[in-house]
Amino acid sequence: MNRNDHGGDIQKFFSDHYPNATTPWIDLSTGINPWPYPITEFPSSVWADLPTQRSEQHCVDAIARYLGVSQQTIGLASGSQVLISQLPFVFPTGTVSIVEPTYNEHRSAWLRAGHSVRTISSDDLLLDDAAVMVIVNPNNPDGLLWTLSEITKLASQRTEQGRWLVIDEAFADLDTTLSSSALAQNYNVIVVRSFGKFFGLAGVRLGAICASSDIVQALTDRLGPWAVSGPALAIAAKAYGDFQWHSDTRRNLARQASRLRAILQTVPGHRVSGTDLFLLLDSKQAPRLFDNLAKSGIYVRRFAYNPRWLRFGIPENDTVLSRIEAVFTQTFHRST
């Protein structure tokens, strides 16, 4: 997969394809909080010294409090992508089911590790007999949700059958009632968490896993010492403990997502779904709309497997919202 498909390299995209696009360029392809957690000054030792066991434990403790789980069930890595890519090597090769369409890197990771991967629908979860099942909750890119009750039922069944359930919760920070992290203590459940999405600090590169102690140890052994940088540990420990910021940010994201949704819903024959960190527009007008957005310097995520889909990240401010609205007005010759 081209790196630009994930966002974060829009300079090359516009230079190659839309050199005359309006500037400043706006990247709405990543589903990352546009208002990052404020980083304060840390002692110089955070940057100069190797990460210590104490600093790592401090971060783990903060995540455990945030999720309401035991510290022993948490493992850390330099980004959830690292966990996604390494987790398949912890299991003996076998059959893996993935509820798709979803984040493509799950399929790629299990295939690279030698597993047989098949696609299942969200309606077939309780009927599936694969050794490992992977779901993304909320799902990326359509925002499909499973409740904690539904996940618990599935986890119980798969544990009784000696099978595993892997849950990618990259966008679960938006709803405090959603996370299945605590299930990892009693079921064959592995939960992958992302720091960068909700906290708006993707460049920090931190991911966490909630799993049984043997799974955590196996991943820790694969990653080796100093798997997470000292600055990442310090920043995350502070951010996970700032519950007022969490509350304020959820409220602000919900408000801004609602405003974006109102614009997307002006598209004829549309369907809009998603979360408060991204919205997915399903419309036959998507290719034309993508082109007009790009000409206006706005990059959104498109999908090769479904040309009707465009995924929009949450705009940072009213200026960005106005630019989006202007493109929609131009494209569909109507006032929004």
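Taken as a whole, the structure leaves ARG107 outside the set of residues that are open to solvent by 70 Å² or more (accessible area, probe 1.4 Å), at pLDDT 95 or above and not small (Gly, Ala, Ser).
Residue by residue, here is whether (1) open to solvent by less than 30 Å² (accessible area, probe 1.4 Å); (2) modelled with pLDDT of 95 or more holds:
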| position | (1), (2) |
| --- | --- |
| TRP245 | no, yes |
| HIS270 | no, no |
| LEU277 | yes, yes |
| ASP291 | no, yes |
| ARG302 | no, yes |
| ARG311 | yes, yes |
| LEU321 | yes, yes |
| GLN330 | no, no |
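Among the residues making up the range 72-107, those that are part of a loop (DSSP other than H, G, I, E, B), within 17 Å of the chain's Cα centre (by Cα) and more than 21 Å from ALA239 (Cβ to Cβ) are GLU100, PRO101, THR102, TYR103, ASN104. Taken together, the residues in the range 108-128 that are assigned to a loop (DSSP other than H, G, I, E, B) and farther than 16 Å from SER156 by Cβ amount to 4. Among the residues of this structure, VAL69 counts as one that is under 30 Å from MET133 (Cβ atoms), open to solvent by 10 Å² or more (accessible area, probe 1.4 Å), part of a loop (DSSP other than H, G, I, E, B) and of a type in the set (Val, Ile, Thr).
Residues satisfying the criterion are present in the range 229-237 (criterion: open to solvent by 20 Å² or more (accessible area, probe 1.4 Å) and either closer than 30 Å to ASN186 by Cα or hydroxyl-bearing (Ser, Thr, Tyr) (or both)). Modelled with pLDDT under 95 and either of a type in the set (Lys, Arg) or surrounded by fewer than 14 Cβ atoms within 10 Å (Cβ to Cβ) (or both) - does that describe any residue in the range 21-34? Yes. Here is the figure for the range 280-313: residues that are touching a Phe, Trp or Tyr at 6+ places or on another chain (Cβ under 7 Å), touching a residue at least 60 places away in the same chain (Cβ under 8 Å) and not charged (D, E, K, R) total 9. Looking at the structure I just gave you, is VAL90 touching a residue at least 40 places away in the same chain (Cβ under 8 Å), open to solvent by less than 70 Å² (accessible area, probe 1.4 Å) and farther than 22 Å from ASP173 by Cβ? In short, yes.
Residue by residue, here is whether (1) open to solvent by less than 40 Å² (accessible area, probe 1.4 Å); (2) touching a residue at least 40 places away in the same chain (Cβ under 8 Å) holds:
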site	(1), (2)
ALA170	yes, yes
LEU174	yes, yes
ARG193	yes, yes
PHE199	yes, yes
ILE215	yes, yes
ALA218	yes, yes
ARG222	no, yes
PRO225	no, no
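Residues that are touching a residue at least 60 places away in the same chain (Cβ under 8 Å) and over 14 Å from ASP175 (Cβ atoms) were ranked within the range 134-154; the one that is most open to solvent (accessible area, probe 1.4 Å) is ASP142.
Yes or no: the range 35-43 includes at least one residue that is within 23 Å of the chain's Cα centre (by Cα), in a helix (DSSP H, G or I) and either surrounded by fewer than 11 Cβ atoms within 10 Å (Cβ to Cβ) or of a type outside the set (Lys, Arg) (or both).
Here is the first cut: in the range 35-43, the residues within 23 Å of the chain's Cα centre (by Cα) are 35-39.
With the extra rule that they be in a helix (DSSP H, G or I), the set shrinks to none.
Checked the range 35-43: no residue is within 23 Å of the chain's Cα centre (by Cα), in a helix (DSSP H, G or I) and either surrounded by fewer than 11 Cβ atoms within 10 Å (Cβ to Cβ) or of a type outside the set (Lys, Arg) (or both).
The values are calculated or read from the model by the stated rules, or taken from the named source; none is laboratory data. Just so you know, these numbers come straight off a predicted model, no measurement behind them. Reconstructed Cβ throughout: ideal geometry from the backbone, glycine too, with neighbour counts over all protein chains shown. Surface accessibility is based on the protein's heavy atoms, side chains included, excluding ligands, DNA and RNA. Shrake-Rupley method; radii C 1.70, N 1.55, O 1.52, S 1.80 Å.
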